[in-house]
Amino acid sequence: QVQLVESGGGLVQAGGSLRLSCATSRSLFSNNVMGWYRQAPGKQRELVATITSGGFTNYADSVKGRFTISRDNAKNTVYLQMSSLKPEDTAVYYCKVVYNVGTYWGQGTQVTVSS
């Protein structure tokens with residue numbers, strides 16, 4: 001069983017920054033895609049950003065230019081640097097990893113942006 005542990009969430013004022021981390025118990029030195037998703041109250045979970053094992057990235061239009069996804073395979077960790085945060089970024093943020101053997105989710109970390 002692969003475990004993902006997210007950290008770095010919290011309360012921040014609009015315009016501020018946060019960095020989320022997601023550590024996985026399985027090596028990232030294999031074909032995989034890691035991503036961040038978020039779910040606001042009363043809304044469906046949505047994609048925020050993904051990064052492949054080759055380093056290709058994809059972002060939701062709503063976060064382009066403000067968020068950056070990156071990975072450190074040696075630490076089995078993916079990051080989400082969030083800047084210029086807006087109240088509408090408030091949500092629970094989930095880490096997801098897709099390996100050849102399956103798909104795994106973290107438990108989520110709350111991000112709250114106050115106006």
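The values are calculated or read from the model by the stated rules, or taken from the named source; none is laboratory data. Just so it is clear, the model here is predicted, and its values are computed rather than measured. Here the Cβ is made from the backbone with ideal geometry for all residues, glycine too, and neighbour counts use every protein chain on show. When the accessible area is computed, the model is the full protein with side chains, heavy atoms only, and any ligands, DNA or RNA have been set aside. Shrake-Rupley method; radii C 1.70, N 1.55, O 1.52, S 1.80 Å.
Starting from region 1-12, keep only residues that are at negative phi, then list their pairs with residues that are assigned to a loop (DSSP other than H, G, I, E, B) and open to solvent by 20 Å² or more (accessible area, probe 1.4 Å) whose Cβ atoms are within a distance under 6 Å, requiring at least 6 positions of separation or different chains.
Pairs found: VAL2/SER25; VAL2/ARG26; GLN3/SER25.
Hey, among the residues in region 38-50 that are among the aliphatic types (A, V, I, L, M) and assigned to a strand (DSSP E or B), which one's nearest to GLY15 (Cα to Cα)? Outline the logic, then answer.
Our first condition is that a residue be among the aliphatic types (A, V, I, L, M); within region 38-50, this holds for 40, 47-49.
Checking the rest, the ones that are also assigned to a strand (DSSP E or B) come to 47-49.
Values: LEU47: 21, VAL48: 18, ALA49: 20 Å.
The qualifying residue nearest to GLY15 (Cα to Cα) is VAL48.
I'd like the full set of residues that are within 19 Å of TRP105 (Cα to Cα), of a type in the set (Phe, Trp, Tyr) and in contact (Cβ under 8 Å) with a residue 12 or more places away in the chain, limited to region 50-87.
TYR79
Within the set of pairs 6+ apart or on separate chains, which have a first residue in region 88-99 that is open to solvent by less than 10 Å² (accessible area, probe 1.4 Å), a second that is acidic (Asp, Glu), and C-beta atoms under 8 Å apart?
Here the result reads TYR93/GLU6; CYS95/GLU6, each pair linking region 88-99 to a residue that is acidic (Asp, Glu).
What's the number of the only condition in (1) touching a Ser or Thr at 6+ places or on another chain (Cβ under 7 Å); (2) not in a strand (DSSP E or B) that CYS22 fails to meet?
Unmet for CYS22, out of (1) touching a Ser or Thr at 6+ places or on another chain (Cβ under 7 Å); (2) not in a strand (DSSP E or B): (2).
Yes/no per residue for (1) farther than 27 Å from GLY102 by Cα; (2) at pLDDT below 95:
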residue: GLN1; (1), (2): no, yes
residue: GLY16; (1), (2): yes, no
residue: ARG19; (1), (2): no, no
residue: TRP36; (1), (2): no, no
residue: ALA40; (1), (2): no, no
residue: PHE56; (1), (2): no, no
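What about VAL12, is it crowded, with 16+ Cβ neighbours inside 10 Å, assigned to a strand (DSSP E or B) and more than 15 Å from the chain's Cα centre (by Cα)? I'd like the intermediate steps shown before the answer.
Details: crowded, with 16+ Cβ neighbours inside 10 Å: yes; assigned to a strand (DSSP E or B): yes; more than 15 Å from the chain's Cα centre (by Cα): yes.
Spelling it out, VAL12 is indeed crowded, with 16+ Cβ neighbours inside 10 Å, assigned to a strand (DSSP E or B) and more than 15 Å from the chain's Cα centre (by Cα).
Considering only region 20-39, how many residues are touching a strand residue (DSSP E or B) at 6+ places or on another chain (Cβ under 9 Å) and loosely packed, with under 14 Cβ neighbours inside 10 Å? Walk me through it before giving the result.
Going residue by residue through region 20-39, those that are touching a strand residue (DSSP E or B) at 6+ places or on another chain (Cβ under 9 Å) are 20-26, 28, 30-39.
Right, trim to loosely packed, with under 14 Cβ neighbours inside 10 Å and you get 25, 30-31.
Count: 3.
Taking the conditions exactly as written (under 15 Å from the mean Cα position of the chain (by Cα), open to solvent by 40 Å² or more (accessible area, probe 1.4 Å) and of a type in the set (D, E, K, R)), does LYS64 satisfy them or not?
Values: under 15 Å from the mean Cα position of the chain (by Cα): yes; open to solvent by 40 Å² or more (accessible area, probe 1.4 Å): yes; of a type in the set (D, E, K, R): yes.
Yes: the conditions hold for LYS64.
Residue check, ARG45 against (1) of a type in the set (D, E, K, R); (2) farther than 21 Å from GLN3 by Cβ; (3) open to solvent by 50 Å² or more (accessible area, probe 1.4 Å); (4) under 15 Å from the mean Cα position of the chain (by Cα), all met but one. Which one?
It fails just one condition, (2).
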